[in-house]
Amino acid sequence: MQILATHDLSKVYGKGETKVEALKPTNLTVNKGEFISIIGPSGSGKSTLLHLLGGLDYPTSGSVTIDGTDLFSMKEKNLSIFRRRKIGFVFQAYNLVPVLTVEENITLPILLDHATPDMQYINELINTLGLDNRRKHLPSQLSGGQQQRVAIGRALATKPSIILADEPTGNLDSKSSKEVLSLLHMSVQRFNQTLIVITHNPEIAEGADRILRIEDGVVTEVKAGERHDG
Amino acid sequence: MMDERGIALRYLKAQKKRSILLAFGVTLAIALICAVFSMLNAMQMYTVIEASENVIWHIVVKKTSSEQAGQLAKRIDVAASGRSLEAGTAIINEDLSMGLTGCDADGANQLNLHIKNGKLPQSDNEIALEEWAARKINSKLAVGDTITVTLMDKTSKTYRISGILKDHNKNKSSNYIAGTITLNEAKRIMKTDKSDTLLQVKSGVDIEDFVNSLVKDQKISKDSILQHTTLLAAEGRSKNDSAKQIYIIGGFLALLVVFAAIIMIYNVFNISVAQRVRQFGMLRALGATPKQIRTLVKSEAVFVSLFGVLPGILCGIIATNVLLLFLRTIMPEYFSFYSGSIYISWISLVIGAVVGILATFISSLLPARKAGKISPIEAMTSVVRSGNIKKKTAWGILTKILPIEAAVSQRRLMFRKRSFIVTALSLSFGILLILSFSPLTELFKMGTSHNYDLGDMYIITADGSGIPDGLIDSIGKIDGVDRIYPKRMASVDATFEYKLLGDDYKDSIKDGSPFSLKADSNGFVKPPSKSTLIGISDSDLNNLKSKLVFGRIDPNQLNNENGVILILNMSTSACNSDLRPGQFIKVGPRKLKICGIVKPDALMYAANDKVFLGMYTTEKVFNSINSNKPSLVTLNLKRDADSDIVFSKLKELTKGNKNLKVYNQAEGQDVSKRIVLVVDVFVYGFITIIALIGILNIINTMSTSIITRTREIGLLRASGMTMGQVTAMVACESALYGILALIIGLAAGIPLHRQFFILLIKRNCGIPWSMPWYLVIISSIITVTAVMISIISPLSHIKKIEITQAVTVD
């Protein structure tokens, strides 16, 4: 089942001599439950693509459809609401709200809906992430790995259609990176999540169902045979 | 080689937006301090001019011989002297009296008598009058004319008008006619060869030492030495208690402004340091000592204050000149020292600039200390520190009971408790001042509005008989008259039961006290004088409702229950202050029920200035007690009416009837109203400055707070927070400042209001304290306005935040 599709999606910055095509027209489809990694050199357009897929930025042309909904046909308010319910984000810099506890940071998208969280699910999530004894702690009281786990929990809290992760292990040591990676794998399988990850980590990339390479704004799919060539 | 001062300057140049914000805060603080000191200086000059309006002497030595006067004049510590003697009251036209004062030419200077036309009296048959007084006696009176008066000894004397003097506003506003005669003539009238010696003491001479030297060296009795305490206090030379109070109040106000300014600048620096934790951490990691970091922050403060001094001084000059222009428009007599060109009080500006720079430096000390404590590790991690959390706390309740927007705001402020409280405190100062100054201005207005109740002019019969009906109609038809208010008045014997009185009042009327009153054999207080019963129309009764203190005003109730509305009496402070609605006053054999009590009213003294009680009632009740027709008609003029013309027409209408007295209040009322406006401008000017500092503080705090949270807000937006929810979050945060400010301001201000009210108003006229709801509402409106204004700039910044930039690692 198709969960995400783009049609001629592109992003251009500047005009004339300063014009930069961060992303050239891209057509992409993602099925539910797929784990996709995006690789490419620095400045190739990986984050641009991810931000457009998540509705954080507006394209110069083209469209993104998630779960049948054209993101950019919505008004800002509806896009925000869609984002909180249907898309989960994990950023490289954990980006937690410093004044909210672990539990509150995880349930933030639900609180933004003024809804009551399903605590059974949330508790299961917190336990799965190994954060049970840190529920009431603030981000400043956690290690980097723990903070990233909270960010993952936040991304999963609303059982979104898709999770977008921008270099989720970029700021972590190898041990924490492995923990985070295994958590992401587990949640994809356990909760049947669709996951798109930007990464420089070959291990993560290798573990994905599909690998997309971006270079100079052009997105190409890395065939199975090419994978070990890096 | 660059040191921390050089680095400080570089930081300021590199971070233009932040530096401008800092400099703006400092500029504002210096501008406000300069403006306050200039205002204090202007106020001091005003009080000197106002105090010296009637007399400019500092000391009077009573009953001195010519020889003594000469010796006093020759003293090296005396700047100028003169001689004068009061010669009692002279009756002019049966309905007009005049206070006579004799003086020599030097004495005229000391009494601030300045000739407009003609000259000072040279012979014993001459008299000089103020211009308004001459017009009041006879609208055509001029130099060379004569007036005949009856002196104290009942003899008649005709004086020739030698000169017209410049008006003294105090005499004008209180309708006191002062006639100036020669010193010899005054001595003749008073049958004495002694006079008073008026002395102006040189500046720099201690007044107490001067007085002691008069007693010791010149053997003058201390009882015969008078000090002009008001002028000495205004000049800062009096050690008198009331003078000290003025100094204390002035000093308190200046300190309050400086304190509020320090809070504002402290907040700005505090947030600035919080924004640069990683920068300071990096400097520490590179080897800077905590002392060097502190020096860096303090250097920034000094640079910023220097940038802010010149604009601050300029703003202060502009603010002061705008204020003086306004005041000069209202009271040119007292603000003539302001010529319309730019007024600069150099001393105020120097004090303001120095204090402003010092205040900035002091404000930076705590933030500097905080910056010095930042550890190098802060630079190494991208973890956002949210405060010094030492232990696990039981969080999580707020988000369960409040919407997330409110919970985040509240939680954020709890993490910055000091800044939160400090900002709210500065906003609460304005509320505190509004509440605590209100009784003072209310008392002042009550005193000066004394004349308002008698309208712009009034006509009254000398013997209490009715004014002819036809005349009342004619008065109403005079061009320039807006409305007339005929009033029936009767002088009655009124008493009330001694047992109704409170203990304080009973204590004040016991034997030996100034207001000693006895109860008669029936237990009723025996009054020392007659009381005034005033019968007015139902619509006029309803107009009294704005002055109601107790009970209610209902003409039907008054008619049905033989009711009266009691007038509180200000001149005898203990009188009738304990009487309440429901109690009874006996007028002859009749029992009249007190249905309501109103604020003091000059009307009750129209016929007799020694009235025991004053009471209003309906015409029906009045008729049942007394059949007097209206004996008093007060009238209000139209806005564009010429009061002199109307007054002369009134005089013309009443010319043939010696029983009718006509009084012109118009000029005095105008002066009173303007004086009240001047006081309001000063008092509320100060309050506005303090309130402004508080409002700007919260605007600054909110703006800077949002700027430091760009990333957090970007994240919230990325997580699905709509712009509306972000707005609500920011509004909640601002509202919390307002709520705390209101709580602090009202919690401190209401008790202060009560204390001052009891001290100033209840003690003077018995009006009890009641909750000043209208001030609470005004304070709330100001707070809400401040809160709403404070979110405009932050929201404008938030709209510009690009989510993608905010969430990307830098």
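No lab work stands behind these numbers, since they all come straight from the coordinates. Keep in mind the model is a prediction, meaning the values are calculated, not measured. Cβ coordinates were reconstructed from backbone atoms using ideal geometry, including for glycine residues, and neighbour counts include every protein chain displayed.
Descriptive notes on the structure:
- Inter-chain Cβ neighbour average for residues A:99-111, partner chain, 10 Å: 6
- Student exercise, segment A:2-221 dipole from Lys, Arg, Asp, Glu Cβ charges, in Debye to nearest 20: 440
- In terms of surrounding Cβ atoms within a 10 Å radius of their Cβ, B:137, B:374 rank from fewest to most as B:137, B:374.
- Farthest toward the positive end of the dipole of segment A:2-221, out of A:205, A:130, A:28, is the Cα of A:130, where the dipole comes from beta carbon charges about the Cα centre.
- log10 of Debye I(q)/I(0), alpha-carbon scatterers only, for the protein assembly as shown at 0.06 Å⁻¹: -0.69
- Per the Cα gyration tensor, segment A:2-221 maps to an equivalent ellipsoid with semi-axes of 29, 20, 16 Å, ordered largest to smallest.
- If you sort the three axes of the alpha carbon gyration tensor as a ≥ b ≥ c, you get a/c of 1.5 or more for segment B:94-213 and a/b above b/c, which makes it prolate.
- FRET efficiency for residue B:583 and residue B:223, using Cβ-Cβ distance with R0 set to 60 Å, rounded to 0.05: 0.85
- The overall shape of chain B, judged from the alpha-carbon gyration tensor, is prolate: a/c is not under 1.5, and a/b is greater than b/c.
- Computed over neighbours whose Cβ is under 14 Å from that of residue B:737, the net charge equals +3, Lys and Arg +1, Asp and Glu -1.
- Rounded if a/c under 1.5, otherwise prolate or oblate - segment A:1-99, Cα gyration tensor axes: rounded
- Net charge dipole size for segment A:66-119 [Lys, Arg +1 and Asp, Glu -1 on Cβ; Debye, nearest 20]: 200
- Positive dipole terminus of chain B, leading residue within B:363, B:201, B:464 (C-beta point charges): B:363
- With R₀ set to 56 Å, the beta-carbon distance separating residue B:71 from residue B:752 gives a calculated FRET efficiency near 0.65.
- GNM result for chain A, Cα springs below 10 Å: residue of A:179, A:17, A:103 fluctuating most strongly: A:17
- Each Lys and Arg Cβ is given +1 and each Asp and Glu Cβ -1; about its Cα centre, chain B then shows a dipole of about 3540 debye.
- A helix-only calculation puts chain B at -17000 deg cm²/dmol for mean residue ellipticity at 222 nm, using -39500 (n - 2.57) for each DSSP H run of at least four residues, averaged over all residues.
- With a Förster radius of 41 Å applied to the C-beta separation of residue A:76 and residue B:366, the computed FRET efficiency comes to 0.50.
- Pairwise centroid distance, computed over Cα atoms, of segment A:30-61 with segment B:21-60, Å: 66
- Average beta-carbon neighbours from other chains, 10 Å sphere, peptide A:83-93: 4
- Rounded to the nearest 5, the antiparallel percentage of DSSP beta bridges internal to segment A:2-221 is 55%.
- Here the spin labels are modelled as points 7 Å beyond Cα on the Cα-Cβ line, and at residue A:123 and residue B:649 they lie 9.2 nm apart.
- Structure note, pairs B:547/B:651; B:638/B:673; A:11/A:175; B:140/B:191; B:222/B:530: Cα-Cα distances above 28 angstrom occur for B:547/B:651; A:11/A:175; B:140/B:191; B:222/B:530.
- Placing dummy labels 7 Å off each Cα toward the beta-carbon, the span from residue A:60 to residue B:192 is 10.3 nm.
- Each of B:346, B:769 was scored by other Cβ atoms within 10 Å of its Cβ. Arranged with the fewest first, they read B:346, B:769.
- Of A:197, A:64, A:99, the residue with the greatest mean-square motion in the GNM of chain A, using alpha carbon springs below 10 Å, is A:99.
- Going from the fewest other Cβ atoms within 10 Å to the most, the residues B:49, B:695 appear in the order B:49, B:695.
- Computed label-point distance, nm, for sites residue A:27 and residue B:326 using a 7 Å Cα→Cβ extension: 7.1
- 10 Å-binned pair-distance histogram of segment A:92-230 (Cα, whole percent): 11, 41, 32, 13, 3
- Highest-fluctuation residue, A:104, A:21, A:203 considered, GNM on chain A with Cα pairs under 10 Å: A:203
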